[in-house]
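Peer 1: Pasting a structure here, questions to come.
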Amino acid sequence: PMRHFALLFLLACAPDVAKDKPAATVAEPSTAPAAPAPTPSAEVNQLAADFVPVPRKVDPARSKVHALGAKITRQHLIEFPTFSGEISAQKNFVDKIDVTVQVADLTTDVPKLVEHLKSPDFFDVAQFPTAHFVSTSVVAGEGGAQTVTGDMTLHGVTKSISFPATIEFAGTDIKAHAEFSINRKDFGIVYPGKPDDLIQDNVLLTLDLVAAP
């Protein structure tokens, strides 16, 4: 009983990595076929030509992708240094975000933890070496705020997620920032941790992307 009480006390005191941060809305990916588009007029065709999405490549040297996870006793920043992608935009409106992350190249602050994170207990990089996100909609708000919805594939599981982001145009660059939590168990990562040092379900994801022509 005393051990059980101590464990509950530690759980209550454990830092919440997602405190005061928005949580992604998670759903099953959409499989509904797209409705057929009406035949556009010549005027509409010309207008569309003026707003053809222009893809810009994500610049890894100026971008960051990382996650913050926690157990009872400690937090760990997990960095993903290898990734690629595109952000497409029409004028000053983002049309699509598409990013692939090489999960197998992850690093963290404790060298021996790196191999454990790569193991089947967590990301299982031998079977699932990459993670992928592609947006299905980007809805503009005020002051650069956007709501991004898209399909995220992690650990071999694909879910539709929605999260807030801030996107700005800086010259020819597009800068996108998002910070939100996901529940790792939604993606089949269920390893609980040690009985006296349990791992939190929520993981805080941070994306800082700079895309250039």
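The values are calculated or read from the model by the stated rules, or taken from the named source; none is laboratory data. Just so you know, these numbers come straight off a predicted model, no measurement behind them. We place every Cβ from the backbone using ideal geometry, glycine too, and count neighbours over all the protein chains shown. The protein model used for the area step is the full one, side chains on, heavy atoms only, and it has no ligands, DNA or RNA in it. Shrake-Rupley method; radii C 1.70, N 1.55, O 1.52, S 1.80 Å.
Peer 1: Using the structure shown, decide if Pro55 is assigned to a loop (DSSP other than H, G, I, E, B), within 30 Å of Ala212 (Cα to Cα) and modelled with pLDDT of 85 or more.
Peer 2: Details: assigned to a loop (DSSP other than H, G, I, E, B): no; within 30 Å of Ala212 (Cα to Cα): yes; modelled with pLDDT of 85 or more: yes.
The answer is no for Pro55.
Peer 1: On to the next question. Scan region 168-183 and tell me whether some residue there is modelled with pLDDT under 95, open to solvent by 40 Å² or more (accessible area, probe 1.4 Å) and polar (S, T, N, Q).
Peer 2: Yes, region 168-183 has at least one match.
Peer 1: Related question: Show me the strands (runs of 3 or more DSSP E) entirely contained within region 123-176 in which 1 or more residues are charged (D, E, K, R) and over 13 Å from the mean Cα position of the chain (by Cα).
Peer 2: Where strands (runs of 3 or more DSSP E) fall fully within region 123-176 and carry at least 1 residues being charged (D, E, K, R) and over 13 Å from the mean Cα position of the chain (by Cα), they are 157-170.
Peer 1: Now for a separate question. Would you pick out the residues in region 62-114 that are open to solvent by less than 30 Å² (accessible area, probe 1.4 Å), assigned to a strand (DSSP E or B) and among the aliphatic types (A, V, I, L, M)?
Peer 2: The answer is Val65, Ala67, Ala70, Ile78, Ile87, Ala89, Val94, Ile97, Val99, Val101.
Peer 1: What is the number of the single condition among (1) more than 17 Å from Gly69 (Cβ to Cβ); (2) at pLDDT 95 or above; (3) of a type outside the set (Phe, Trp, Tyr); (4) out of contact with any Ser or Thr (no Cβ under 9 Å at 6 or more places or on another chain) that Lys159 does not meet?
Peer 2: Among (1) more than 17 Å from Gly69 (Cβ to Cβ); (2) at pLDDT 95 or above; (3) of a type outside the set (Phe, Trp, Tyr); (4) out of contact with any Ser or Thr (no Cβ under 9 Å at 6 or more places or on another chain), Lys159 violates only (4).
Peer 1: Test each condition in (1) assigned to a strand (DSSP E or B); (2) open to solvent by 50 Å² or more (accessible area, probe 1.4 Å) for Tyr191 and report the one that comes out false.
Peer 2: It is condition (1) that Tyr191 fails.
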